[in-house]
Amino acid sequence: MSETIEDLEIQLLLEALYQRYHYDFRHYARASIKRRLTQARGQLGFPTISALQDRVLHDPAMLPRLLDFLTVQVSEMFRDPSYFRALREHVLPHLRTYPSLKVWIAGCSAGEEVYSLAILFKEEGLYDRTIFYATDINPEALAEAEAGVYALDRIRKFTENHQKSGGKSSLSDYYTAAYGRAAFDKGLRSRVVFSDHSLVTDAVFAEMHLISCRNVMIYFDRTLQDRAIGLFRGSLTRKGFLGLGSKESLRFSSHASAFAEFLPGEKIYQKREP
Amino acid sequence: MNVTSSSTVVIGASAGAVQALLAVLPTLPAGFTAPVLVVVHVPPDRDNVLVPLLQAKCRLTVKEAEDKEALAPGVIYFAPSDYHLLVEADRTLALSTDEPVNYSRPSIDVLFESAADAYGENLVGVILTGANHDGAAGLKAVVEAGGVAIVQSPAEAYATPMPHAALQASPTALIMNLDAIASYLSSLGAA
Ligand SMILES: C[S@@+](CC[C@H](N)C(=O)[O-])C[C@H]1O[C@@H](n2cnc3c(N)ncnc32)[C@H](O)[C@@H]1O
């Protein structure tokens, strides 16, 4: 269909966000961005997207509120338990051969995936030799990740997932429950570095043995996906591992040939020897 | 409305979906040129059993929709469980893990609204049996964009709330039994 005025407004708003705040959503999958901006407009009470743009340009306090719409913070611990089981059974045995390890959780949201991996590495005796980098572009999500506190009503699902992933301990060993919240142990983040990093605008920052980037690139268009995969390629050590979300793949990427399908069913790839 | 061989079909169904889809999709003729996108509410932890079931009965290719995949004519795409399915303006598919809409992921509204946006009057939206109200807002978006709206007759539907809600939101929608829906769709874009 031909472009509507609203499509034009969206394009201008995304450009404004980039120029003013350096948040670059210009190449995110557009149908989903449009849906969420329309919601933002309605819920924040603006008659048009242009009015929303005017406000966010002049009032930085509006930015975090808009970011909450533009970034999707849906997550859970041990989401897709079979992925974590596959890491446990097939990837960690390889990682075990290294004296020290670096793991990057890209797009970590409020930390659910970070604590899942920390617990997995504890259970497998690899935690103490690992540094975890947990990155995201949403500062509020990062703050929550660092706090590691979740509503108690989410714990049942987390526990069920942990068991299905082949968990060797009880999830309740890792948190204290009080006032309707579960606070995860500090010991699970003693080796985690939380930081603001965008797969769209930032560069490689360390050499990794495992990168887990799940349900982030699904929101990118193909060009952006390719950029992110290029970053992962540049970050991974020789024979390092890359895990994606269950509906993501390297299929459309120009970097595909740099990776071997290690466990195709779980979207786990291994970087080939150069 | 402008129903031509360049049409795209979107279908939403919930309780009773399997029987209803079995009455419609296998009748689509070989050489059917419209892509067909289907959202059925299925429990999140379950693999989509509908794809193999319908593939065995249909002349057209039936598959689970993949992210960034380009739409092909005469292929029937099912939304994977636990993901929303959307269509982009460039006629590629997109999946998302956004919050459930109407307690549903995939949600019929999400598919229909994005398809209405991408296809406008070249879209046929079909709401079948179901026990909730998902799809009502989506079908309204199809109507507003100038597309064709069809609702399974509540008298025939296994579960009536979804057809009722869709008709309430879009009073001008065509009301049809499954066999009429089947022949209407079959006449679309047959090469
Ligand atoms: C749906 S969550 C995925 C959370 C977790 N990885 C999982 O699979 O459950 C997507 C996350 O990606 C983050 N994100 C979006 N764009 C990003 C970018 N350009 N760079 C890094 N993270 C990004 C969002 O802020 C959000 O926290």
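The values are calculated or read from the model by the stated rules, or taken from the named source; none is laboratory data. For clarity, every value in this text was computed on a predicted model and none was experimentally measured. Glycine also receives a Cβ, built like all others from the backbone with ideal geometry; neighbour counts cover every protein chain displayed.
Being among the charged types (D, E, K, R) and either buried (at least 17 other Cβ atoms within 10 Å of the Cβ) or within 14 Å of chain B (Cβ to nearest Cβ) (or both) narrows it down to one residue among A:D59, A:D80; which is it? Can you show your working first?
On the way: A:D59 fails: either buried (at least 17 other Cβ atoms within 10 Å of the Cβ) or within 14 Å of chain B (Cβ to nearest Cβ) (or both).
Answer to the selection: A:D80.
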In segment B:68-87, residue nearest to the other protein chains (Cβ to nearest Cβ) [restricted to those that are of a type in the set (A, V, I, L, M, F, W, C) and buried (at least 21 other Cβ atoms within 10 Å of the Cβ)]
B:L86
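Looking at A:L92, A:L67, A:L120, A:L44 in this structure, which one is away from chain B (no Cβ under 13 Å), of a type in the set (A, V, I, L, M, F, W, C) and within 14 Å of the ligand (Cβ to nearest atom)?
Values: A:L92 fails: within 14 Å of the ligand (Cβ to nearest atom); A:L120 fails: within 14 Å of the ligand (Cβ to nearest atom); A:L44 fails: within 14 Å of the ligand (Cβ to nearest atom).
It is A:L67.
Somewhere in segment B:161-169, is a residue without any contact (Cβ under 8 Å) to a residue 12 or more places away in the chain, more than 9 Å from every other protein chain (Cβ to nearest Cβ) and part of a helix (DSSP H, G or I)?
Taking segment B:161-169 first, the residues without any contact (Cβ under 8 Å) to a residue 12 or more places away in the chain are B:164.
With the extra rule that they be more than 9 Å from every other protein chain (Cβ to nearest Cβ), the set shrinks to B:164.
Within this subset, residues satisfying the condition of being part of a helix (DSSP H, G or I) are B:164.
Yes.
If the requirement is being buried (at least 24 other Cβ atoms within 10 Å of the Cβ), small (G, A, S) and not in a strand (DSSP E or B), which of these qualifies: B:G130, B:G120?
Working: B:G120 fails: buried (at least 24 other Cβ atoms within 10 Å of the Cβ).
It is B:G130.
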Name the residues in segment A:1-30 that are away from the ligand (no atom under 16 Å from the Cβ) and among the hydrophobic types (A, V, I, L, M, F, W, C), would you?
A:M1, A:I5, A:L8, A:I10, A:L12, A:L13, A:A16
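Among the candidates A:S109, A:S75, which residue alone is of a type outside the set (D, E), in the same structural domain as A:V216 (by TED's automatic domain parsing) and within 16 Å of the ligand (Cβ to nearest atom)?
Details: A:S75 fails: in the same structural domain as A:V216 (by TED's automatic domain parsing).
Unique residue meeting the criteria: A:S109.
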Do we have any residue at all in segment A:252-269 that's buried (at least 19 other Cβ atoms within 10 Å of the Cβ), within 14 Å of another protein chain (Cβ to nearest Cβ) and farther than 25 Å from A:Q73 by Cβ?
yes
With the condition being surrounded by 13 or more Cβ atoms within 10 Å (Cβ to Cβ) and within 15 Å of the ligand (Cβ to nearest atom), I'd like the strands (runs of 3 or more DSSP E) fully within segment A:133-242 carrying at least 1 qualifying residues.
A:149-151, A:192-196, A:208-213
